[in-house]
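Take a look at the structure below.
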Amino acid sequence: MSSPVNAVVFDIGNVLILWDPENLYNDLIPDASEREYFLSEVCPYEWNLEQDRGRPWDEAISERLEKFPQYEEWIKAYYERWEDMLGGAIEANVALLKDLKEKGVPLYAITNFSTEKFEEAKRIFPFLADSFIDTVISGEENLLKPDAAIYNILFERNGLKPSELVFIDDTQKNVVAAQDIGMKALHFSEADKLRSELKQLGLPL
């Protein structure tokens, strides 16, 4: 018989708060083809991910400026106007988080996030600072999901059994990695569906 779920582990970006560079660059670069080039070649997702792995932002910006000096304003905006990439909280999931906390369910987080920008995010969204017993931040650990090592940090630091946890993430490969390491895991797509899935796992919602 499988272990009952007694704690919930949340991803943060696009599970609790919305983040998309398009939110900023739709305004900065009105031309769609030029914007696509910038976000796929100049400051692509893979480049940003290295900040989530722990690369300092000043180093990342300098490296891009050296390679693409003609895009200086837009490159600097990726760091300086990061807040404009946010699309607000996913309110239904924040309510879910609050409900679980009020029912005494232990809550944790594992997030691919720059350490510098996570501090900004906590200032903008205070629930990120006070909802979780522990938050494993990729930028602090120099590890990224779906590497099994980042999940193991959570288990070892908090004395947790993977089989007693459910993990929620918007990226399928991170969900699969969590399942491979022994967690129950849910791929987030719709808030109502997520609440229903957690109820089915026996959580008090």
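Some notes on this structure:
- Selection within the range 20-55 - farther than 21 Å from G88 by Cβ and touching a residue at least 40 places away in the same chain (Cβ under 8 Å): I29, L49, Q51, R53, G54
- Spans of helices (runs of 4 or more DSSP H) in the range 1-83 with at least 2 residues within 23 Å of the chain's Cα centre (by Cα): 22-28, 45-52, 57-67, 72-80
- Exactly one residue out of A92, A121, A77, A129 is in contact with a helix residue (DSSP H, G or I) (Cβ under 7 Å, 6 or more places away or on another chain) and more than 17 Å from W19 (Cα to Cα): that is A129.
- Residue within the range 144-154 that is of a type in the set (F, W, Y) and assigned to a helix (DSSP H, G or I) present: yes
- Only one of the numbered conditions (1) surrounded by 14 or more Cβ atoms within 10 Å (Cβ to Cβ); (2) in a loop (DSSP other than H, G, I, E, B) is not met by G104, and that is (1).
- Of the residues in the range 115-136, not one is at pLDDT 95 or above and on the phi > 0 side of the Ramachandran plot.
The values are calculated or read from the model by the stated rules, or taken from the named source; none is laboratory data. These figures come from a predicted structure and were not determined experimentally. Reconstructed Cβ throughout: ideal geometry from the backbone, glycine too, with neighbour counts over all protein chains shown.
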